[in-house]
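Participant: For reference, the structure I am asking about is given below.
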There are 2 protein chains.
Amino acid sequence: MELNHGLDDRKLKILQTIIKTYLETGEPVGSRTISKYTDLNLSSATIRNEMADLEDLGYIIQPHTSAGRIPSDKGYRLYVDMLMAEKEQEVIEMREQMLEKADKMDKILKQAAKVLAVNTNYATMVSAPSYNRNKLKFIQLSQVDEHQLIAVIVMEGNIIKNKIVTVEETLNNEMMLKLNMLLNTSLTGLSVEEINLGMIARLKEQAGVHSEIISDVFDAIANTIQPEDMEIYTSGVTNVFKYPELSDNQSAQEIINAFEEKQLLQEIVTQALSKEENHGIQVYIGQETPVQSMKDCSVVTATYELGEGMQGTIGIIGPKRMDYEHVMKTLKTLMTELDEIFHKEE
Amino acid sequence: MELNHGLDDRKLKILQTIIKTYLETGEPVGSRTISKYTDLNLSSATIRNEMADLEDLGYIIQPHTSAGRIPSDKGYRLYVDMLMAEKEQEVIEMREQMLEKADKMDKILKQAAKVLAVNTNYATMVSAPSYNRNKLKFIQLSQVDEHQLIAVIVMEGNIIKNKIVTVEETLNNEMMLKLNMLLNTSLTGLSVEEINLGMIARLKEQAGVHSEIISDVFDAIANTIQPEDMEIYTSGVTNVFKYPELSDNQSAQEIINAFEEKQLLQEIVTQALSKEENHGIQVYIGQETPVQSMKDCSVVTATYELGEGMQGTIGIIGPKRMDYEHVMKTLKTLMTELDEIFHKEE
DNA sequence: TATTAGCACTCTTTTCTTTCGAGTGCTAAT
DNA sequence: ATTAGCACTCGAAAGAAAAGAGTGCTAATA
């Protein structure tokens, strides 16, 4: 990764100061401020010259003629890339597994989102691990009453789904046993994709008299496990109100809507999962974000893995003047803690 | 219910006009407007006199000296009570059951909230039916691997819960059969409250060698079915931005926060469920609302029943100048449709 | 007696000006 | 290469003025 694009140390330091200060205050940063609060011992005039250069290079922007400077997307990008490089070492350790114990997973993830939101003062999201390429572990049919049965489907990673199926025929115990046997011997170990039409036909055949039921049950199962849209937990949406640049009605509405519908958040997750560089950490600044309605924000995502192809995403959405350093650190801490929780439970 | 508290027809009509107009515009209503858009054929001066009276009686308010009038909470209340009386007939039919098919319930309810939000332009919430006083229908334990089993618990109304339990002992098929038998014979038909410590002790005794497992399983089950906080689906939060009086940062933040945390919404639900007058429809205006953070809103809730003690709540949260008439009508329609859906599925 | 026209008065909202100050760019001095 | 100094720009804040909506009251009217 090519860093500090031809900037000398002093320019770099000034740029960094501008960004950091802007992160704190949210106000454009003037030359005087920098000359004062930095150990460069330069007068404001010198700083001004340097700033003019930095502006020419596209790293900072002047909102209007007589204002200080704010970082441009390009400026943020450089800053973040530098941080990344620094943190890379630590970040590598970050991807730890947390398989098993998936049944209370939802609560833990919910909590995780909350903790993250409280800790960072940004809006956060956590996606439950997707298990698309997962395999069936076993299926258990149980009779509920004469015409209803419940199918419990357990998949690798202990993801559990269930579905009530209503059938025409009158059920009895013997049938249930048979069906259970049949389903389990033929389906166990298969991935969702491997279960196809030919499979169904063969099963029906084997079921003989009960082919009707198989058909019903099968539809239900397919329906249940397949198109499940991913669960996403969010927290701290109202944090956007803490940043004036996001809290005008227009932007706030867009962001909050995205968080409510979750549709758009899914896109972010998908995007995050598709890239595998940077050890799972992605930073989208302004226009870079996959979702147009967040063009005034920055989005930081981290991918976590639970092995066996299960992975999910943690995301933080905040203003462009996000405290990237802190966010990344917190993200890491959270991972570690999640990891601990999942392992302590065993 | 005592209605039109000593108001003559003309005053009533004027009050009604003020409210309706204010509902549309959100602006204070002046005397001239009323004299013009009403069939009373009165001059604005006369209207002014009447308005002064109405203000004395507390039905309307003057935000400042030279502004029109807006309805007070008392005014809204009268208006709503009148509407209620009108709609009472229709509303009675509204409580229809929609039992069974509870397994995809979540999706339907989610959708319901959305439809309602789109239809009304207010924020909406739908609580899943609580099943506290429900009975256990049956329990099915299945072995997952050597030390793990999954407990599937089905309750009256086909509410399904599941939980993975890890045990010390090595499991085998025979044990599972025994345990299943034991649990089902002793627990089936009991309500959650009826399962107590004495019960557990007796079960353990009967389990003999496997008392360890029973204990584990039992904890898990109790844990799973009991303290479950109710699921609440929401939609259309961003609708608050459509009403200037709610969309200043302060109020918007409070409302949105309530919708995100859902904690406070639960209180509304609880409140709604506790009152059984008005055939399930409750209207809270301004300060009347159970939740302080919504003191600038009105909240309309409807209770639906699925029989067997299962009931949930639908709620609409909007500005005080809510279109009560439309809201109630939509609420009714939604109920009917939900009903249809749940019955068509059979 | 109930209604209405008329008018002065009150307040908010909007618009326009003015002032203030932060920050700049440039030039000349160090 | 750095810095002091200064004129200049432009937005934000403050103030002033004008516009407008609506009222309350009084006196006239049916």
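Participant: Would you confirm whether or not region A:93-107 contains a residue that is modelled with pLDDT of 70 or more, surrounded by fewer than 18 Cβ atoms within 10 Å (Cβ to Cβ), closer than 23 Å to A:ILE232 by Cα and of a type in the set (D, E, K, R)?
Facilitator: Yes, region A:93-107 contains at least one residue that is modelled with pLDDT of 70 or more, surrounded by fewer than 18 Cβ atoms within 10 Å (Cβ to Cβ), closer than 23 Å to A:ILE232 by Cα and of a type in the set (D, E, K, R).
Participant: Please find, among B:THR33, B:THR46, the residue that is over 35 Å from the mean Cα position of the chain (by Cα), at pLDDT 90 or above, assigned to a helix (DSSP H, G or I) and near DNA strand D (Cβ under 8 Å from one of its atoms).
Facilitator: B:THR33
Participant: Residues of region A:132-149 being at pLDDT 80 or above and surrounded by 20 or more Cβ atoms within 10 Å (Cβ to Cβ), which ones?
Facilitator: Hits for region A:132-149 are A:ILE139, A:GLN140, A:LEU141, A:LEU149.
Participant: Quick one: B:VAL299 ticks every box in (1) in a helix (DSSP H, G or I); (2) within 19 Å of B:MET322 (Cα to Cα) bar one, so which box is it?
Facilitator: That leaves (1) as the condition not met.
Yes or no, residue by residue, for (1) within 36 Å of the chain's Cα centre (by Cα); (2) at pLDDT 75 or above; (3) aromatic (Phe, Trp, Tyr):
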{"site": "B:SER130", "(1), (2), (3)": "yes, no, no"}
{"site": "B:ALA151", "(1), (2), (3)": "yes, yes, no"}
{"site": "B:ILE164", "(1), (2), (3)": "yes, yes, no"}
{"site": "B:VAL192", "(1), (2), (3)": "yes, no, no"}
{"site": "B:ASN196", "(1), (2), (3)": "yes, no, no"}
{"site": "B:GLY208", "(1), (2), (3)": "no, no, no"}
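Participant: So, in region B:26-44, of the ones that are more than 14 Å from DNA strand C (Cβ to nearest atom) and not aromatic (Phe, Trp, Tyr), which residue ends up nearest to B:ILE61 (Cα to Cα)?
Facilitator: So the residue we want is B:VAL29.
Participant: Looking at region A:25-51, I want the residues that are at positive phi and have a partner that is more than 7 Å from DNA strand C (Cβ to nearest atom) and not in a loop (DSSP other than H, G, I, E, B) with Cβ atoms under 8 Å, at least 6 apart or on another chain. Which pairs are those?
Facilitator: Between residues of region A:25-51 that are at positive phi and residues that are more than 7 Å from DNA strand C (Cβ to nearest atom) and not in a loop (DSSP other than H, G, I, E, B), the close pairs are A:GLY26/A:PRO244; A:GLY26/A:GLU245; A:GLY26/A:PRO319.
Participant: So B:ASP9 clears everything in (1) within 11 Å of DNA strand C (Cβ to nearest atom); (2) farther than 21 Å from B:GLN287 by Cα except one condition, right? Which one?
Facilitator: So the condition that B:ASP9 fails would be (1).
Participant: While we're looking at this one, here's another question. Can you tell me which residue is nearest to B:ILE18 (Cα to Cα) among those in region B:48-85 that are more than 8 Å from DNA strand C (Cβ to nearest atom) and either within 14 Å of chain A (Cβ to nearest Cβ) or β-branched (Val, Ile, Thr) (or both)?
Facilitator: B:ILE70
Participant: Residues of region B:49-88 being near DNA strand D (Cβ under 10 Å from one of its atoms), of a type in the set (Val, Ile, Thr) and either assigned to a helix (DSSP H, G or I) or at pLDDT 90 or above (or both), which ones?
Facilitator: Within region B:49-88, just B:ILE60 meets the criteria.
Participant: Let me ask another. Could you list, in sequence order, the residues of region A:242-266 that are out of contact with any strand residue (DSSP E or B) (no Cβ under 6 Å at 6 or more places or on another chain), surrounded by 14 or more Cβ atoms within 10 Å (Cβ to Cβ) and more than 10 Å from chain B (Cβ to nearest Cβ)?
Facilitator: Within region A:242-266, A:SER251, A:LEU264, A:GLN266 qualify.
Participant: How many residues, within region B:106-153, are more than 30 Å from B:MET175 (Cα to Cα) and outside any loop (DSSP other than H, G, I, E, B)?
Facilitator: Residues flagged as more than 30 Å from B:MET175 (Cα to Cα) and outside any loop (DSSP other than H, G, I, E, B) within region B:106-153 amount to 21.
Participant: Next question. Does B:ILE19 fit the bill of being within 16 Å of DNA strand C (Cβ to nearest atom), among the aliphatic types (A, V, I, L, M), outside any loop (DSSP other than H, G, I, E, B) and at pLDDT below 95?
Facilitator: For B:ILE19, the condition - within 16 Å of DNA strand C (Cβ to nearest atom), among the aliphatic types (A, V, I, L, M), outside any loop (DSSP other than H, G, I, E, B) and at pLDDT below 95 - is not met.
Participant: Out of the residues in region A:1-30 meeting the condition of being within 13 Å of DNA strand D (Cβ to nearest atom) and touching a helix residue (DSSP H, G or I) at 6+ places or on another chain (Cβ under 7 Å), tell me which one is nearest to the other protein chains (Cβ to nearest Cβ).
Facilitator: This residue is A:GLY26.
The values are calculated or read from the model by the stated rules, or taken from the named source; none is laboratory data. Computed from a predicted model, the values in this text were never measured in an experiment. All Cβ positions, even for glycine, are placed from backbone atoms using ideal geometry, and neighbour counts span all protein chains on display.
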